[in-house]
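What follows is a single structure, written as structure tokens, with notes after it.
The values are calculated or read from the model by the stated rules, or taken from the named source; none is laboratory data. Keep in mind that this is a model prediction, so the values were computed, not measured. When we count neighbours, we look across all protein chains shown, and the Cβ atoms used for this are built from the backbone with ideal geometry, even at glycine.
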Amino acid sequence: MRIALAILFAALGFCVPLFASEFWVTLLTQIMIFGLLALSTDLLLGHTGLFSLCHAAFFAVSAYTVAILQVRYGFATASAAPLGILAGTALSLLFASAVRTRGVYFILITLAFGYIVWGVAYRWASFTGGDNGVTGVPFPALGPLRVTSATGYYFVVLGVVLIIAAAYRVLVTSPFGLTLRGIKSSESRMRSMGYNVTQHLYVAFVLSGLIASIAGVLYVYFNRFVNPTAGSFPVSVEAVLMAIVGGTGTIFGPFLGSGIILVLRNWVSGYFHYYTAVLGIVFIVTVLWAPQGIMGLIARWRSGTRGEGA
Amino acid sequence: MSPPAISVDRLAKAFGGLRAVDDVSLSVQAGERRVLIGPNGAGKTTLFHCIAGTLEATNGRVSLFGADITRLPEHRRAGLGMARTFQISNVCTDLTVMENVLLAMLGPDGRKWTMYRPASAFSDLRDRGTIVLSRVGLDGRADETVKFLSYGERRQLELALALASDPKVVLLDEPCAGLSPSERQRFSGLIRELPRDITLVMIEHDIDIALALADRVTVLHRGNIILDGTPDEVKRNDQVREVYFGRV
């Protein structure tokens, strides 16, 4: 049932460019990229119980790495993209030390980590281009295979996102994924059963950094330039909020949340100047009335109707 | 003679100025059933925490089968075959019963790092888990989420988690606490039937259960041992009566 639904969605995804305008194709691409970033934060929030505020850092570092390598040093996509992922993940190896702390201290440390990267991107102008960032990133190309349009890139992003989502699904159901949910539920119990909790959290953090880095690579080829905004605090916060609005601990939820927030931004901001206020209200409503997000509401509604039928 | 399963040597644990465990030495033989009794605040649970590694001892030594584990972190002690239950049920409430047991079995198993295969696909673990669950009387509850379990069922799951990893030593912190008298009877029967290749150290407030289960009883009072003897010796001892049962 679930798998059938997932395949249906994937098939639908591949058909979208047939009937949708370029505006929607581009918006959907953006939704998938930020959905992937939201998914990366949710490996920590939904599965492990850690609220990270530095994932824009991995996102931005991999985006900058790709941009600088391609634009300034003439690297091809085939080498620039993996190096971008490597750079972002390497940074997460360092930032993962935050898992020694918990609760509000974890949030504050990741917040500080995020600001360091943003500060460097912003101030080290000779290398990062400062406020202007790095422009002129070409479409990705793999040998003779060359993306030439927004629609073409949409398919690339869709393909990557589907592969990551499938791998993520296996990961969270694996013994390792189960361990993370165990830690979220009771750390002391897990320790008494022989788990070196810090080690598991560290690995989870790095895996989550890896996914954020992949999202960063997808982003830089989508945006065709990168500036410090990519690594800014709002990006980190929005990624987590997307996961919360859509539903933490699910795979579709973060993408759904990304869709809601980006559609609101693109659509509401056309009519209403204070769209961030609208976003704020959406978050407050979510936290108060649907803490499990939209996916949680759906699950509740489904179990409710099933209960009445029985 | 083989070394004792657990040996505690001049152990002390202080919280600031309070010496919860003052100076305790005891030794539990392999296969023994040892019960710790004593009034509230005697230091029983603190002693347990020091043996399990939840707390680090201020002074003294703890060994497991002759190996010094005093400075070993809790998870490493579990890896050496030590398992425990908690006084207040401490199970993963968001997971199913079987998932909890799987985690207990995976703790000392290198496969806990597997990332490419669903946990439910490890049929050997699932089979072992089913056996453990039926042993504690949770048959048919495997796929229930723990938060929907009754209080008594959670106590049963506590015990299942301690037994699932095939431990050599099990520390039971008031396993029957909060159960109804009939549940207590059933539960203590279950503990009595555990095989003798498991060493049991148990804290128990119910003196009848304690004396019925124990090979030896250790009586703690204000962080010190006041008696270490057989159930009969404990029953006859005047000091124990005075401290534990109140002045008659």
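Taking B:PHE148 as meeting all but one of (1) surrounded by fewer than 22 Cβ atoms within 10 Å (Cβ to Cβ); (2) at the interface with another protein chain (Cβ under 7 Å from one of its Cβ atoms); (3) among the hydrophobic types (A, V, I, L, M, F, W, C), write down the number of the exception.
(2)
Tell me which residues, restricted to the stretch A:185-205, are among the charged types (D, E, K, R), facing chain B (nearest Cβ under 7 Å) and under 11 Å from B:CYS92 (Cβ atoms).
Residues of the stretch A:185-205 among the charged types (D, E, K, R): A:187, A:189, A:191.
Restricting the remaining residues to those that are facing chain B (nearest Cβ under 7 Å) gives A:189, A:191.
Within the stretch A:185-205, just A:ARG189 meets the criteria.
Give me a count of the residues in the stretch A:144-186 that are polar (S, T, N, Q) and within 19 Å of A:SER40 (Cα to Cα). Write out each step before concluding.
Just the residues of the stretch A:144-186 that are polar (S, T, N, Q), to begin with: A:148-149, A:151, A:173-174, A:179, A:185-186.
Now drop any that are not within 19 Å of A:SER40 (Cα to Cα), which leaves A:173-174, A:179.
Final tally of qualifying residues: 3.
Is it true that A:SER208 is out of contact with any Cys (no Cβ under 6 Å at 6 or more places or on another chain), within 14 Å of chain B (Cβ to nearest Cβ) and at pLDDT below 95? Show your work before the answer.
Numbers: out of contact with any Cys (no Cβ under 6 Å at 6 or more places or on another chain): yes; within 14 Å of chain B (Cβ to nearest Cβ): yes; at pLDDT below 95: no.
Considered against the rule, which asks whether it is out of contact with any Cys (no Cβ under 6 Å at 6 or more places or on another chain), within 14 Å of chain B (Cβ to nearest Cβ) and at pLDDT below 95, A:SER208 comes out as no.
Give me a count of the residues in the stretch B:84-104 that are at the interface with chain A (Cβ under 7 Å from one of its Cβ atoms) and either farther than 24 Å from A:PHE176 by Cβ or not acidic (Asp, Glu) (or both).
Applying the first criterion (at the interface with chain A (Cβ under 7 Å from one of its Cβ atoms)) to the stretch B:84-104 yields B:84, B:90-95, B:99, B:102-104.
Among the residues that remain, those that are also either farther than 24 Å from A:PHE176 by Cβ or not acidic (Asp, Glu) (or both) are: B:84, B:90-93, B:95, B:102-104.
Counting residues in the stretch B:84-104 that are at the interface with chain A (Cβ under 7 Å from one of its Cβ atoms) and either farther than 24 Å from A:PHE176 by Cβ or not acidic (Asp, Glu) (or both) gives 9.
Which pairs do you get when a residue that is within 14 Å of another protein chain (Cβ to nearest Cβ), found in the stretch B:62-83, comes within reach of a residue that is among the hydroxyl-bearing types (Ser, Thr, Tyr) and part of a loop (DSSP other than H, G, I, E, B), reach meaning Cβ atoms under 7 angstrom, with the pair 6+ apart or on two chains?
Here the result reads B:GLU74/B:THR54; B:HIS75/A:TYR195; B:ALA83/B:SER165, each pair linking the stretch B:62-83 to a residue that is among the hydroxyl-bearing types (Ser, Thr, Tyr) and part of a loop (DSSP other than H, G, I, E, B).
Can you find even one residue in the stretch B:175-197 that is of a type outside the set (Val, Ile, Thr), surrounded by fewer than 18 Cβ atoms within 10 Å (Cβ to Cβ) and over 23 Å from B:ILE37 (Cβ atoms)?
Yes, the conditions are met somewhere in the stretch B:175-197.
Among the candidates B:VAL219, B:VAL240, single out the residue that is out of contact with any Cys (no Cβ under 7 Å at 6 or more places or on another chain), in contact (Cβ under 8 Å) with a residue 60 or more places away in the chain and under 18 Å from B:LEU47 (Cβ atoms).
B:VAL219
Pairs please, first residue from the stretch B:135-150 and among the hydrophobic types (A, V, I, L, M, F, W, C), second anywhere and part of a loop (DSSP other than H, G, I, E, B), Cβ atoms under 6 Å, 6+ apart in sequence or on different chains.
Between residues of the stretch B:135-150 that are among the hydrophobic types (A, V, I, L, M, F, W, C) and residues that are part of a loop (DSSP other than H, G, I, E, B), the close pairs are B:VAL146/B:VAL91; B:VAL146/B:THR93.
If I ask for residues that are more than 7 Å from chain B (Cβ to nearest Cβ) and in contact with a Leu (Cβ under 9 Å, 6 or more places away or on another chain), which ones from the stretch A:163-183 would you list?
Residues of the stretch A:163-183 that are more than 7 Å from chain B (Cβ to nearest Cβ), as a first pass: A:163-169, A:172, A:177, A:180, A:183.
Listed by number, the residues that qualify are A:ILE164, A:ALA165, A:TYR168, A:VAL172, A:GLY177, A:LEU180, A:ILE183.
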